[in-house]
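Everything on this sheet refers to the single structure shown next.
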Amino acid sequence: MAAESSFDVVSKVDHQEVDNALNQAAKEVRQRFDFKGTDAAIAWAGEAVAMEAVSEERVKAVLDVFQSKLARRGVSLKALDAGEPRSSGKLWKITATIKEGIKTEDAKKVSKLVRDEGPKGVKCQIQGEELRVSSKSRDHLQEVQKMIKDQDYDFAVQFVNYR
């Protein structure tokens, strides 16, 4: 009898890549002609990303630049939780946070999908902000990975600790 194989379903972000994308976006915002005189800026505000400009359109453009830099660096845009533009004095601001971890409700959705539509003999176990999927057959695990990738969840999904 073969030993159990498993992998973890996680939602993590490489913080160095996010920081690099933010620095690239800040540089582009400082240098682009269409941002001249708009007081456009993007920077870290604790754990969140703060964007500001003189108009709602310009602050949305700053967010668009940041999203394009994230996508180019391989960071899923599902991990970015951007708020609505809001007026603050003379400036418009957007605050965005980086989401990590799979919430319990989302882990239950994935687990239910695997139980209902996945191959027989595949087990799911919620471990904090991760979901461990195990089976005796590695082929079944690969089927489950494909099935999870094909679903359109509102959170980023990665597979780690495949053994």
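The values are calculated or read from the model by the stated rules, or taken from the named source; none is laboratory data. It should be emphasised that the depicted structure is a prediction, and the values quoted were computed from it without experimental measurement. Cβ placement follows ideal geometry from the backbone for every residue including glycine, while neighbour counts extend to all protein chains displayed.
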Do the conditions hold for GLN145, that is, is it at pLDDT 90 or above, part of a helix (DSSP H, G or I) and not assigned by TED's automatic domain parsing to the domain that holds LEU22? yes
Screening LEU70, LEU77 for residues that are surrounded by fewer than 18 Cβ atoms within 10 Å (Cβ to Cβ) and either touching a residue at least 40 places away in the same chain (Cβ under 8 Å) or of a type in the set (A, V, I, L, M, F, W, C) (or both) leaves only LEU77
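Evaluate the range 82-98: report whether one residue or more is of a type outside the set (S, T, N, Q) and under 15 Å from GLU17 (Cα atoms). Reasoning before the result, please.
So in the range 82-98, the residues of a type outside the set (S, T, N, Q) come out as 82-86, 89-94, 96, 98.
After this cut, where a residue has to be under 15 Å from GLU17 (Cα atoms) as well, the list is 98.
Yes, some residue in the range 82-98 is of a type outside the set (S, T, N, Q) and under 15 Å from GLU17 (Cα atoms).
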Name the residue, out of ILE98, ILE102, that is touching a Phe, Trp or Tyr at 6+ places or on another chain (Cβ under 8 Å) and aliphatic (A, V, I, L, M). ILE102
ALA61 fails exactly one of (1) closer than 30 Å to GLN145 by Cβ; (2) in contact with a helix residue (DSSP H, G or I) (Cβ under 9 Å, 6 or more places away or on another chain), namely (1)
Considering only the range 85-109, state which residues are touching a helix residue (DSSP H, G or I) at 6+ places or on another chain (Cβ under 9 Å), closer than 24 Å to HIS15 by Cβ and hydrophobic (A, V, I, L, M, F, W, C). ILE94, ALA96, ILE98, ILE102
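Select, from VAL65, VAL49, VAL18, the only residue that is in a strand (DSSP E or B), at pLDDT 95 or above and under 30 Å from PHE159 (Cα atoms).
Values: VAL65 fails: in a strand (DSSP E or B); VAL18 fails: in a strand (DSSP E or B).
Selected residue: VAL49, the only one of VAL65, VAL49, VAL18 that is in a strand (DSSP E or B), at pLDDT 95 or above and under 30 Å from PHE159 (Cα atoms).
Does the range 52-67 include one or more residues that are among the β-branched types (Val, Ile, Thr) and either under 30 Å from CYS124 (Cα atoms) or assigned by TED's automatic domain parsing to the domain that holds LYS149 (or both)? Walk me through how you get there before you give the answer.
Step one: filter the range 52-67 for residues among the β-branched types (Val, Ile, Thr), giving 54, 59, 62, 65.
Restricting the remaining residues to those that are either under 30 Å from CYS124 (Cα atoms) or assigned by TED's automatic domain parsing to the domain that holds LYS149 (or both) gives none.
Checked against the condition, which is being among the β-branched types (Val, Ile, Thr) and either under 30 Å from CYS124 (Cα atoms) or assigned by TED's automatic domain parsing to the domain that holds LYS149 (or both), the range 52-67 yields no hits at all.
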